[in-house]
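See structure below.
The values are calculated or read from the model by the stated rules, or taken from the named source; none is laboratory data. The shown structure was predicted, so the numbers you read here are calculated from the model rather than taken from an experiment. All Cβ positions, glycine included, derive from the backbone under ideal geometry; neighbour counts span all protein chains shown. Just so you know, the surface numbers come from the protein's heavy atoms only, side chains and all, with ligands and any DNA or RNA stripped out. Shrake-Rupley method; radii C 1.70, N 1.55, O 1.52, S 1.80 Å.
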Amino acid sequence: MLKYITTLAAAITPLMYFHGALFHESYLRALGVPADLFQLPLEDTLVQGFTAYMLLGIQYLLLLFLYLLVALSMTYNLNEASKISFIKRVVAWIAQRSKGLNLVDKAKGHHLTEKTMKWVGYSLIAVLSLLIFLGTTLVLAMEAEKLGK
């Protein structure tokens, strides 16, 4: 496990330096300041790269969170629809036609939709916790920058 973590860190560090330098130069150019005027040391460039990744990652994580929320609601509706007797008969017919699907007749709904709801819910919680972590890290970085000024 440690071998994979060090390999990942070795692969990400040059990318963070490259994107941190680009992020810093574009920030200075947006302000109209020449990029050669304020050079950053290696550590600060890596921090700028991490900030760039956080700013890019938060919007995609938010989009993934909304997609997972829609998937959870659709699975819930499908699970509720699977409680209807006509749909149970259709699913039982499909289960008889395909030999691998075992239909358990429960009042809760179909076992496949229950498992799907469980795993989509777990994914939703993981993405939400990552969003909270990145959001608080970004807020703390902005507050630390204000205190540094």
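Each Cα pair under 8 Å and six or more residues apart adds its sequence gap; the mean of these over the residue count of the chain is a relative contact order of 23 percent. In degrees between 0 and 90, to the nearest 10, how far off the longest principal axis of the chain does helix 42-81 point, with axes built from Cα atoms? With both axes taken from Cα atoms, the answer is about 10 degrees. So what does log10 I(q)/I(0) come out to for the chain at q = 0.14 Å⁻¹, using the Debye formula with one equal point on every Cα and no solvent? Values returned for q = 0.14 Å⁻¹ are -0.83. Looking at the chain, the accessible area is 76 square angstrom per residue; that uses a 1.4 Å probe and ignores ligands, DNA and RNA.
Computed in the context of the full set of protein chains, the accessible area of the chain at 1.4 Å probe radius has 71% of its extent on carbon or sulfur.
Across the alpha-carbon atoms of the stretch 5-93, the computed radius of gyration and Dmax are 23.8, 73 angstrom.
Compute the angle between helix 111-148 and the longest alpha-carbon principal axis of the chain, please, reported from 0 to 90 degrees and rounded to the nearest 10. Relative to the chain, helix 111-148 is tipped by roughly 20 degrees. Label sites at Ala92 and Leu128, each approximated as a point 7 angstrom past Cα along Cα to Cβ, lie 3.7 nm apart.
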